[in-house]
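Just below is one structure, and these are the notes that go with it.
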Amino acid sequence: FLPSPAHSQKTPFPTPLIAILRALKARLTPCRYGDAETEIGVSGQALIITSLSPVDGLFFKPSWKLNSGFETINRNGCRFCRTGGVNGGVGLAAETSWLKREVYYGFGEIAAEYSRGFARDYRIGGGLSAGMLVDVTERWKVASNASYFGYGAGDGRTEWRLSAQQRFTLTKDLALRFEFNQRINRREYLVNLQFYF
């Protein structure tokens, strides 16, 4: 969810709105379309829309997010269960310039998921998430996110999710991305070479 190299050189995080759209998250060859406020990328996993509007002295606009897609989980003896779901939320974002430029955000979220790996094959609930986007240098971007969900319907077990990403811009149209994700007892480490056009 970091801005593309071409746009990060002009505006690291477009203000007051950052809208990032990823459709069908293709891990090896993401593509993007972008203007000053919107970015569309392709990834084989999910549709992710996040709008961050940092609060300032003149404007107050809530931030929001909407995610949907599929992923594989290991749960209840089902080693490679596919899970489909949708979640969304509203929250606040704040911007600082301690290092270069940082955006911190938090959301209250609701979620619904379906999988044979869940008790009664589904779960519906809510939770909280928080994270940050940081421009360390002009070419080096860092992001992290943590989420906690509790489910009141279906499979009632709670869940923590953690993720961290780094992106190094190699050229205007080429970036190297490192990603770590943890969900339940599954850890995922990814290295992506991203081409932009």
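Figures for the structure shown
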| read-out | value |
| --- | --- |
| Residue check for Arg161: charged (D, E, K, R), open to solvent by 40 Å² or more (accessible area, probe 1.4 Å) and within 22 Å of Leu66 (Cα to Cα) | yes |
| Candidates Lys61, Lys10 - the one that is basic (Lys, Arg), surrounded by fewer than 18 Cβ atoms within 10 Å (Cβ to Cβ), more than 17 Å from Gln165 (Cβ to Cβ) and at pLDDT 85 or above | Lys61 |
| Failed item, numbered, when Lys172 is tested on (1) of a type in the set (D, E, K, R); (2) in contact (Cβ under 8 Å) with a residue 24 or more places away in the chain; (3) surrounded by 12 or more Cβ atoms within 10 Å (Cβ to Cβ); (4) within 22 Å of Asp135 (Cα to Cα) | (3) |
| Residue match in segment 178-194 (condition: free of Cβ contacts under 8 Å to residues at least 24 places away in the same chain and either more than 27 Å from Gly117 (Cβ to Cβ) or in contact with a Cys (Cβ under 8 Å, 6 or more places away or on another chain) (or both)) | yes |
| Qualifying residue in segment 108-116 (condition: under 27 Å from Phe59 (Cα atoms) and touching a residue at least 60 places away in the same chain (Cβ under 8 Å)) | no |
| Within segment 130-148, tally of residues that are farther than 24 Å from Gly77 by Cα and surrounded by fewer than 20 Cβ atoms within 10 Å (Cβ to Cβ) | 12 |
| Boolean, Asp121 is surrounded by fewer than 18 Cβ atoms within 10 Å (Cβ to Cβ) and either in contact with a Pro (Cβ under 9 Å, 6 or more places away or on another chain) or of a type outside the set (A, V, I, L, M) (or both) | yes |
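To keep it simple, each residue is scored yes or no on (1) modelled with pLDDT under 90; (2) of a type in the set (Phe, Trp, Tyr); (3) closer than 18 Å to Gln182 by Cα.
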{"residue": "Thr72", "(1), (2), (3)": "yes, no, yes"}
{"residue": "Phe80", "(1), (2), (3)": "yes, yes, yes"}
{"residue": "Gly91", "(1), (2), (3)": "no, no, no"}
{"residue": "Ala94", "(1), (2), (3)": "no, no, no"}
{"residue": "Tyr114", "(1), (2), (3)": "no, yes, no"}
{"residue": "Gly131", "(1), (2), (3)": "no, no, yes"}
{"residue": "Ser144", "(1), (2), (3)": "no, no, yes"}
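The values are calculated or read from the model by the stated rules, or taken from the named source; none is laboratory data. As the structure is a prediction and not an experimental result, all values here were calculated from the model. All Cβ positions, glycine included, derive from the backbone under ideal geometry; neighbour counts span all protein chains shown. To get the accessible areas, we keep the full protein, side chains included, count just its heavy atoms, and leave off ligands, DNA and RNA. Shrake-Rupley method; radii C 1.70, N 1.55, O 1.52, S 1.80 Å.
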